[in-house]
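Undergrad: I have a structure here, written as structure tokens, and I will follow up with some questions on it.
Read-outs: derived from the displayed coordinates by stated rules, not from any lab. In this text, all values refer to a predicted model and were calculated from it rather than measured experimentally. When we count neighbours, we look across all protein chains shown, and the Cβ atoms used for this are built from the backbone with ideal geometry, even at glycine.
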Amino acid sequence: MENKTEKQVNLRKAAMIGCGFVGSASAFALMQSGLFSEMVFIDADKDKAEGEAMDIAHGVPFARQMKIYAGDYDDIGDAAIIIVTAGANQKPDETRLDLVHKNIGIFKSIIPEIAKRNCQGILLIVSNPVDILTYTALKLSGFPENRVIGSGTVLDTARLKYELSEHLSVDSRSIHAFIIGEHGDSEIAAWSSANISGIKVSDFCEMRGHYHHDENTKLIAESVKNSAYEIIEKKHATYYGIAMAVKRICEVIIRDEKSILPISSMMHGEYGIDDVVLSMPAVVGKNGVETTVPIDLNEEEQVKLRESAETLKRILKEEFH
């Protein structure tokens, strides 16, 4: 049943489309967060959605009162955030971009169903390759740009902070650094703007007895870029890290925190990049993306960012033109 009337957004409600590893781990993190009082699960495999909803709901007595259930697209009309994790998983030896064709096909059946319900909430895309699929969701949904965001490099940035925190023996929350560009092989660690509580990374490294800056930054950036491949090789999927990233993005939206997160959003000429979705730090609040944040990038980083954008554009051209 299609619902053309505009529904009032229920700020306490989330919809999870896709109940695989990432969807169910994210739902589990959200159940514990206390952000929502209602969460609906939708999956092509209805039994899977029902099983996950039951399993997670049985933890409610240990958390906060909440309604968790399996449903269908008619249940998403008033959701404040619609999280899409549906899609084929990345296999060992497969890049995120290898998934493009399969997952654009899946999105062509999911996104029009969301659009039909005239939802006024935020569409949060988590499926990979996230930048391409966020662009796809934007084009197929007709939603305003601020309300379609991808999880982007929020997790990659957390991985960078974690690696730096281990390297420097300092709280990861005191580290201000971003991974930008594609959530994938062409991502860039923006070292030129990175700092530890306002102190340049290289200065802080020397305070901690580390002097081989070029070598160390290269190793850390490579480790961050390859960590998903390493996890997939060892346990066949990654889902806890991204679940925490999803929880954080939802928290920022629901609490209207106006936090700065490196989410995927549409570019409009920043750094000479246009009509492509990729990750740059942005102010995020109850209306989704408020504005991108122009962090300082050196010449080399800007060149790499444009190359990252070109990689994504080539694929979009093949799929959309």
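Undergrad: Would any residue of region 192-214 have its amide N under 18 Å from a label point 7 Å out along Cα→Cβ of Ser165? List them or say none.
TA: From region 192-214, the list is 194-199, 201, 205.
Undergrad: Report, by chain and number, residues whose modeled amide H sits under 5 Å from the one on Leu278, excluding near sequence neighbours (fewer than 5 apart, same chain).
TA: Here Ser265, Met267 satisfy the definition.
Undergrad: A further question on this structure: I'd like the antiparallel share, as a percent to the nearest 5, of DSSP beta bridges with both residues in region 124-263. Don't skip to the end; give the middle numbers.
TA: Working: 6 of 8 bridges.
That works out to approximately 75 percent antiparallel.
Undergrad: As a test, work out the antiparallel percent of DSSP beta bridges whose residues both lie in the chain, rounded to the nearest 5. Working shown, then result.
TA: Values: 19 of 40 bridges.
Among the beta bridges of the chain, antiparallel pairing accounts for roughly 50 percent.
Undergrad: List, largest first, the extents of the alpha carbons of region 7-78 along their principal axes, each in whole Å.
TA: Its Cα atoms span 29, 29, 16 Å along the three principal axes.
Undergrad: Then there's this: Within 14 Å, Cβ to Cβ, of Asp296, how many net charges do the neighbouring residues add up to if Lys/Arg are +1 and Asp/Glu are -1? Don't skip to the end; give the middle numbers.
TA: On the way: positive: Lys200; negative: Glu270, Glu299, Glu300, Glu301.
So the surrounding residues net to -3.
Undergrad: Take the cross-link list Lys258/Lys317; Lys234/Lys286; Lys13/Lys48; Lys13/Lys200; Lys139/Lys218 and give me the ones stretching past 31 Å between alpha-carbons.
TA: Lys258/Lys317; Lys234/Lys286; Lys13/Lys200; Lys139/Lys218
Undergrad: With +1 on the Cβ of every Lys and Arg and -1 on the Cβ of every Asp and Glu, and nothing else charged, how large is the dipole of region 10-150 about its Cα centre, in debye rounded to the nearest 20? If you can, show how the numbers build up before the last one.
TA: Numbers: 14 positive and 17 negative charges, 72 e Å.
Around 340 debye, computed over region 10-150.
Undergrad: Projected onto the charge dipole of the chain (+1 at Lys/Arg Cβ, -1 at Asp/Glu Cβ, origin at the Cα centre), which of Ser197, Thr217, Met16 gives the Cα projection farthest towards the positive end?
TA: My answer, from the dipole projection, is Met16.
Undergrad: Give me, ordered by chain and number, the residues 5 or more places off Ala70 or on other chains with an amide H under 5 Å from its own placed amide H.
TA: Phe41
Undergrad: When the convex hull of the C-alpha atoms of the chain is computed, what volume per residue in Å³ does it have? Before the final figure, lay out the partial values.
TA: Values: hull volume 42.5 nm³, N = 321.
Given the Cα convex hull of the chain, per-residue volume reads 132 Å³.
Undergrad: Show me, for region 261-274, the HN-Hα J-couplings you get by feeding each phi into the Karplus relation (A = 6.51, B = -1.76, C = 1.60, θ = phi - 60°), rounded to Hz, glycine and proline as x.
TA: 10, x, 8, 7, 8, 5, 9, 10, x, 4, 6, x, 10, 9
Undergrad: Over the residues of region 37-102, compute the C-alpha Rg and express it relative to 2.2 N^0.38 Å.
TA: Details: Rg = 14.9 Å, N = 66, 2.2 N^0.38 = 10.8 Å.
Its radius of gyration relative to the 2.2 N^0.38 Å reference: 1.38.
Undergrad: Something else about it: Determine ³J(HN,Hα), in whole Hz, for all residues of region 106-120 in sequence, where each value follows from phi through the Karplus function 6.51 cos²θ - 1.76 cosθ + 1.60 and θ = phi - 60°; x replaces Gly and Pro.
TA: With the stated coefficients, region 106-120 comes to 5, 5, 5, 9, 7, 4, x, 5, 5, 4, 4, 7, 6, 5, 9 Hz.
Undergrad: Quick check for me: using +1 on Lys/Arg Cβ and -1 on Asp/Glu Cβ, what's the dipole size of the chain about its Cα centre, in debye to the nearest 20? Spell out each step's value before the answer.
TA: On the way: 35 positive and 48 negative charges, 186 e Å.
I would put it at about 900 debye.
Undergrad: Using only the alpha carbons, work out the radius of gyration and Dmax of region 179-300 in angstrom.
TA: Over region 179-300's Cα set, Rg and Dmax evaluate to 16.2, 44 Å.
Undergrad: Would you please put 48-60, 145-157 in order of how densely packed they are, using the mean number of other Cβ atoms within 10 angstrom per residue and starting with the highest? All intermediate terms of the calculation are to be shown ahead of the outcome.
TA: Values: 48-60: 16.9, 145-157: 26.0.
Packing proxy ranking, top to bottom: 145-157, 48-60.
Undergrad: When you count, for each residue, the other Cβ atoms within 10 Å and take the mean per peptide, how do 308-318, 179-189 rank with the highest first?
TA: Numbers: 308-318: 16.9, 179-189: 24.5.
Per-residue Cβ counts within 10 Å, averaged per peptide and sorted highest first, yield 179-189, 308-318.
Undergrad: Near Thr136, within a Cβ-to-Cβ distance under 11 Å, what is the net charge of the other residues, with Lys and Arg +1 and Asp and Glu -1?
TA: Working: positive: Lys108, Lys139; negative: Asp131, Glu319.
Neighbourhood net charge equals 0.
Undergrad: Could you compute the FRET efficiency for Met54 and Asp74, with r as their C-beta to C-beta distance and R0 at 22 Å, rounded to 0.05?
TA: Details: r = 21 Å, r/R0 = 0.93.
About 0.60, to the nearest 0.05.
Undergrad: May I pose another question? How much net charge surrounds Thr157 when only the other residues with a Cβ under 14 Å from the Cβ of Thr157 are counted, with Lys and Arg +1 and Asp and Glu -1? Kindly include the intermediate steps, with their values, before the conclusion.
TA: Working: positive: Arg159, Lys161, Arg173, Lys225, Arg248; negative: Asp156, Glu163, Glu182, Glu187.
After counting each charged neighbour, the total is +1.
Undergrad: Let me ask something additional. Could you calculate the contour length gain from Lys7 to Ala63, that is, 0.36 nm times the residue separation minus the distance between their Cα atoms, to one decimal place in nm?
TA: Values: separation 56, 0.36 × 56 = 20.16 nm, distance 2.87 nm.
Length difference between fully extended and current span is 17.3 nm.
Undergrad: Using a basic spin-label model with each label point 7 Å from the Cα along Cα→Cβ, how many nm lie between Val303 and Glu233?
TA: Placing both labels 7 Å beyond Cα along the Cβ direction yields 3.0 nm.
Undergrad: ³J(HN,Hα) across region 27-38 via Karplus (A = 6.51, B = -1.76, C = 1.60, θ = phi - 60°), whole Hz, x for Gly/Pro?
TA: Values per residue, Gly and Pro as x: 5, 5, 5, 5, 4, 6, 6, x, 6, 10, 10, 8 Hz.
Undergrad: Over its Cα atoms, what ratio of radius of gyration to 2.2 N^0.38 Å does region 10-150 give? Could the numbers behind the result be given before it?
TA: Working: Rg = 14.5 Å, N = 141, 2.2 N^0.38 = 14.4 Å.
It is 1.00.
Undergrad: Before anything else, pin down the relative contact order of region 101-219: Cα pairs under 8 Å, at least 6 apart, normalised by residue count, whole percent.
TA: About 17 percent, as a whole number.
Undergrad: Here's another thing I want to ask about it. How many nm is it between the label spots at Tyr211 and Glu113, if each spot is 7 Å from the Cα in line with the beta carbon?
TA: 6.1 nm
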